[in-house]
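A short worksheet on the structure shown next.
The values are calculated or read from the model by the stated rules, or taken from the named source; none is laboratory data. If you're wondering where the values come from, they're calculated on a predicted model, not measured in any experiment. Don't worry about glycine lacking a Cβ; one is built from the backbone with ideal geometry, like all the others, and counts go over all protein chains shown. Accessible surface areas use protein heavy atoms only, side chains included; no ligands, DNA or RNA. Shrake-Rupley method; radii C 1.70, N 1.55, O 1.52, S 1.80 Å.
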Amino acid sequence: MTTTPPATRPPKPPRRKRRWLRRTLWTFLALGVLGIAGIIVAYVVTPIPKPNERALQQNSIIYYSDGHSILDRFSTVNRQSVTLGRIPEPVQKAFLAAEDRTFYQNNGISPKGIARSIWVGLKGGPQQGGSTITQQYVKNYYLTQDRTITRKVKEILISIKIDREVSKDQILEDYLNTIYFGRGADGIQTAAQAYFGTGVENLDVAQGALLAAVIRGPSFYDPALGPEQKTLAKGRWNYVLDGMVAQGWLSPSARAKLTFPDTRPVAKSTGLTGPNGFVSEAVREELKTKLKLTDTDLALGGLRIVTTIDKQAQDAAIAAVKSGMPTGPGTESLHVGLAAVAPGDGAIRAMYGGPTYGSGSLGYFNTATDAGMQAGSTFKVWTLIAALERGIPLSTRFDANSPIFLPQFASTEPGATAAAQAGEVQNFGNHQYGVVDMATATALSANTYYAQLNVEVTPQSTKEMATKAGLRAAGAQKELGTNYANVFGTDLVRVLDQASAYATIAAEGKYAAPYLIASVKGTGSFDISYKAKPKVKVVFAQNVCRDAIQAMHRVTQPGGTAAAAAALGRPAAGKTGTTSNNYSAWFDGFTPGQLAAAVGLYRGDGSLKPENQLVNLGGYAEITGGTVPLSIWTAFMQGALQGQPIVPLPPPGNISGGTPSIATTVPSTSSTSSSSSSSSSSSSSSSSSSSSSSSSTSTTPTSTTTTPTSTTTTPTSTTTTPTSSTTTPSSTSPSSSTTTTPPAQSTTTPSSESSSATGRLIPPTPPVRPTPAASAASIALPALAARIAAPEQVR
């Protein structure tokens, strides 16, 4: 017989665990009660702020660098309040469809929207709206724009109170009168005028839906700001109308008939209409890019902005342009940009972007920051820097007679002359400079010298030096080019970038990113305390830049292409530049470590067509870098630096050790180079300048230019020097051009700058590798004499 064991009971849970569970439940219950109590207390003690704080807010003020002189004011509140009865009901419904479709049913907040916003924020995703119309109204009308948990809690509590104490219609009316629509418009009445040129009572459904779409972000949804904004606006506009149909506020048939409305052009809201208006607008852009402020933020005002603009320098810039620009028939199409930068810091001290901000076809086009012009011979300094970086000294000599033939410059363009196909390079006016050193070639802007130097250092190195200094391609260009003609300034560049790049040399190798805002303090709705920190880095060796300064100083001395700069009365260095067919003209220069400035001039829309050539204007047969731009630069620097100490040139860097592969034998005869006696050159270049040109009584010996290295197949006689009938110009020889120079600009400087080797410099041609077939030896002299026209020239 089997005995069944007695049934066993399951063990009882320990008493301690049951106590822990009860305590946990009671704890959560207590916290919940306390949380509810806290919310009730917070609700009771949180007052509704006094209305109209937004309307009483201060304007934003822009100051000069002294922090006291006012440059401009902006963010003036532009509001005309209207009653809800004046706003068509379909327009009201459009805003409800866009922002809060349950507005008349909810209690002022959207728990689901708030939870979604918090969840996305915790995950680190993009900011979500999640706000009802009541919440938006409270935020804009009563609270600040900062994004903190405290402000959000206040927004929710005040929204609940407002919803209980104010009617829905009144909330909607206040909301539509205070929301910002962009274009400087606060409220729906001024928005209707800014976007459609009509009063709010005349708005139709399509227009109302667009205004409802815009308030999500005027910078992104104003269709007049660009194709991208227009695409976004259409998408949001369709969303609003589809929402109206879904809510029964618009019939499908009426919806189908609607078309996207046209808007008025954007009218800028700054109060300035002269040259300083461009500075004010540039400040706005920097506030948005560097401080990440939105258009709505800027419209709220209360900012105190101190710029880097020096009032004395800015006044000098405006005065120099006004007095220096030519007048007379055709000059109304001339445009000039000027920018000045503090070397080693990057602070923009002056900016001239045009005469009349906000009017005319170029009313919002800043010639100092938006215009892209070919750099001309101002680009030669980057080949100079590239050579010095390799240790090639200023005393290095090449044959600088004209013309020469280099296979790397051979043109493959259809219709190119035989000379161009052979790689002809000319000096301006076909001047014969003989064998010169690097400093002298810089002073004379000898194209034939710099063409050989660019072959030596490579165009890639020239581009690299320009990029390090802060230059970047402008206009349609993606990046700076690497064709051999880049030494002649075939790339499009901006005036501000030119000033910044030359400031790098003036700072002896320290690049500083240019900036316009020194500090920002917030009042009213903003809690901002910003102070700029200059971004500086060393990009060139100090001794490299010191030698470059020595060579560039020669440009401003007697015999240099910018000898008129001596009127400044203090040591300066720089470079002139004029492009092929006179499509743009430059002077860029600096006083060492003190101030760097660039002046660029062009005509019409800047395109390369005959009517935009800088010829036969204001008494000038042709405007070159050594005429109007240099005159404006000198007058500006005189005014900007008045009262400032005179800064001497730094000592020579005495770069040495590098040996070029293209060696040149120096003739035994004495030089008559116009720049041979300049006291500004380094010791190494001064000692050699006395023998810088060929004898005027002999033809070119085959030993004048030696054969390059094995990587270049240029024949031994790459230079065709004229016979004894051609002499080297002396220091007083004028340019062979027919430029009529006004008395104030009269100098004894030979106008010699870059010449095109290809016959056309834009678009740049790809590098052509050296080939024996393209050598000068294969071109007969009769063919040269019979060429139809001289190649175009750039200075």
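In the stretch 190-218, the residues that are more than 21 Å from Ser253 (Cβ to Cβ) form Cβ pairs under 8 Å with partners that are of a type in the set (Asp, Glu) and assigned to a loop (DSSP other than H, G, I, E, B), at six or more places apart or across chains, as follows: Val214/Asp222. Of note, Pro648 satisfies the criterion of being modelled with pLDDT of 90 or more, more than 30 Å from Asn582 (Cβ to Cβ) and out of contact with any Ser or Thr (no Cβ under 8 Å at 6 or more places or on another chain). Within the stretch 437-447, the presence of at least one residue that is part of a strand (DSSP E or B) and under 27 Å from Ala501 (Cα atoms) is confirmed. Gln432 falls short on exactly one of the conditions (1) surrounded by fewer than 24 Cβ atoms within 10 Å (Cβ to Cβ); (2) on the phi > 0 side of the Ramachandran plot; (3) not charged (D, E, K, R), and that condition is (2). Residues that are at pLDDT below 90, outside any loop (DSSP other than H, G, I, E, B) and over 40 Å from the mean Cα position of the chain (by Cα) within the stretch 76-115 comprise Pro111, Lys112, Gly113, Ile114, Ala115, listed in sequence order.
When you scan the stretch 227-237, do you find a residue that is under 16 Å from Val91 (Cβ atoms) and open to solvent by less than 40 Å² (accessible area, probe 1.4 Å), even just one? Yes, that holds for at least one residue. Among the residues of the stretch 603-632, the ones that are assigned to a strand (DSSP E or B) and over 24 Å from the mean Cα position of the chain (by Cα) come to 6 in all. Checked against the criterion of being open to solvent by 10 Å² or more (accessible area, probe 1.4 Å), in contact with a helix residue (DSSP H, G or I) (Cβ under 9 Å, 6 or more places away or on another chain), on the phi < 0 side of the Ramachandran plot and part of a helix (DSSP H, G or I), the candidates Thr289, Thr356, Thr296 yield just one match: Thr296.
Against the criterion of being open to solvent by 20 Å² or more (accessible area, probe 1.4 Å) and either out of contact with any Pro (no Cβ under 7 Å at 6 or more places or on another chain) or closer than 16 Å to Asn454 by Cβ (or both), Gln408 does not qualify. Of everything in the stretch 171-189 that is assigned to a helix (DSSP H, G or I) and at pLDDT 90 or above, the residue that is surrounded by the most Cβ atoms within 10 Å (Cβ to Cβ) is Ile188. A single entry from Arg349, Arg284 fulfils the requirement of being of a type in the set (D, E, K, R), surrounded by 18 or more Cβ atoms within 10 Å (Cβ to Cβ) and part of a helix (DSSP H, G or I): Arg284. Leu241 fulfils the conditions (1) of a type outside the set (Phe, Trp, Tyr); (2) under 29 Å from Gly187 (Cα atoms); (3) surrounded by fewer than 20 Cβ atoms within 10 Å (Cβ to Cβ); (4) modelled with pLDDT of 95 or more except for a single criterion, (3). Within this structure, Thr482 passes the test of being surrounded by fewer than 19 Cβ atoms within 10 Å (Cβ to Cβ) and either part of a strand (DSSP E or B) or in contact with a Pro (Cβ under 7 Å, 6 or more places away or on another chain) (or both). Determine whether the stretch 315-335 contains at least one residue that is of a type in the set (Val, Ile, Thr), surrounded by fewer than 23 Cβ atoms within 10 Å (Cβ to Cβ) and at pLDDT 95 or above. Within the stretch 315-335 (the criterion being of a type in the set (Val, Ile, Thr), surrounded by fewer than 23 Cβ atoms within 10 Å (Cβ to Cβ) and at pLDDT 95 or above), the answer is yes, since at least one residue qualifies. The set of residues in the stretch 412-425 being assigned to a loop (DSSP other than H, G, I, E, B) and open to solvent by less than 10 Å² (accessible area, probe 1.4 Å) consists of Ala422, Gly423.
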